[in-house]
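J.: After the structure tokens below, expect a handful of questions from me.
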Amino acid sequence: MLNRLYFLIIIFFMLQTFHTAAQKSLFQSDFTKKDQLILQGNAAVQDQKLILNGKSAFAKIRNSSTFHLGKEGLTLAATVKFNDSGTVNNRADSYDMIFSKKNEFIFGRNMKKLYVNLHDGKKWCAPALDGKAPAPGEWNHLAAVIRKINDEAQGKHGYAIGIYLNGTQVVSKSFFNIEPQKTENEIEIGSGFGGGPWLFNGEIA
């Protein structure tokens, strides 16, 4: 168990060569500080964990409206424990959102799969949905890496999305000829699309 409650939202600036990529963290934040996290709908911080009930609880990151995909991409990471399987009678109960920025990006779980998507201002245009989501009751580290593709030689432009479970890549997909939009919405933890069925049931530590 981590000794401090934190969420990492790290924008990586990648300097690529033929064989290596240098990465610089542009932002990270410790949300044990009360002025950085806005708790909503009975969300609570207990024993260095954010507790979310899957019904009404989520949190907003204060002053996060200016966070967007950087010039080269974005990485979202969190240590999470799901309380349920996301299914009822083998059908989807709801999405469990870990991070979302309305009409810009989402990262979470859909049934038993991990899920990332980007929005271009008209529609969700990069559905990376694959990989086996962690079982309920287990602590796991999840990360979504969104990397800009700009291959002039091949004429390929777009974004590559990788999802990692405990450091192992479990999803790898590329989407070409898309351009995600930037919005002024705040980043939410444990909720997507303003609430409703898109709420996380579990803990983040």
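The values are calculated or read from the model by the stated rules, or taken from the named source; none is laboratory data. Predicted model, so just to flag it, every value in this text is computed and none were measured. Quick reminder, even Gly has a Cβ in these numbers, built from the backbone with ideal geometry, and neighbours come from all protein chains shown. The area values use the complete protein model at the heavy-atom level, side chains included, leaving out ligands, DNA and RNA. Shrake-Rupley method; radii C 1.70, N 1.55, O 1.52, S 1.80 Å.
J.: From Asn177, Asn140, grab the single residue that is of a type in the set (S, T, N, Q) and more than 21 Å from Thr75 (Cβ to Cβ).
T.: Just one listed residue meets the conditions, Asn177.
J.: Of the conditions (1) within 22 Å of Ala59 (Cα to Cα); (2) surrounded by 15 or more Cβ atoms within 10 Å (Cβ to Cβ); (3) touching a residue at least 24 places away in the same chain (Cβ under 8 Å), Gly137 clears all except one; give me its number.
T.: Against the list (1) within 22 Å of Ala59 (Cα to Cα); (2) surrounded by 15 or more Cβ atoms within 10 Å (Cβ to Cβ); (3) touching a residue at least 24 places away in the same chain (Cβ under 8 Å), Gly137 comes up short only on (2).
J.: State whether the residues of segment 58-68 include one that is open to solvent by 60 Å² or more (accessible area, probe 1.4 Å), more than 16 Å from Gly192 (Cα to Cα), of a type in the set (Ser, Thr, Tyr) and at pLDDT 85 or above.
T.: Yes.
J.: Hey, any hits in segment 73-83 for a residue that's of a type outside the set (Lys, Arg), touching an Asp or Glu at 6+ places or on another chain (Cβ under 8 Å) and open to solvent by 10 Å² or more (accessible area, probe 1.4 Å)?
T.: yes
J.: Look through segment 145-166, keep the residues that are basic (Lys, Arg) and open to solvent by 50 Å² or more (accessible area, probe 1.4 Å), and return whichever of them is modelled with the highest pLDDT.
T.: Once the filter is applied, the top-ranked residue is Arg147.
J.: So in segment 167-193, with the set limited to residues that are open to solvent by less than 60 Å² (accessible area, probe 1.4 Å), closer than 22 Å to Val45 by Cβ and not polar (S, T, N, Q), which one is modelled with the lowest pLDDT?
T.: The qualifying residue modelled with the lowest pLDDT is Gly192.
J.: Next up: Among the residues of segment 121-144, is there at least one that is at pLDDT 90 or above, part of a strand (DSSP E or B), within 11 Å of the chain's Cα centre (by Cα) and more than 17 Å from Trp198 (Cβ to Cβ)?
T.: yes
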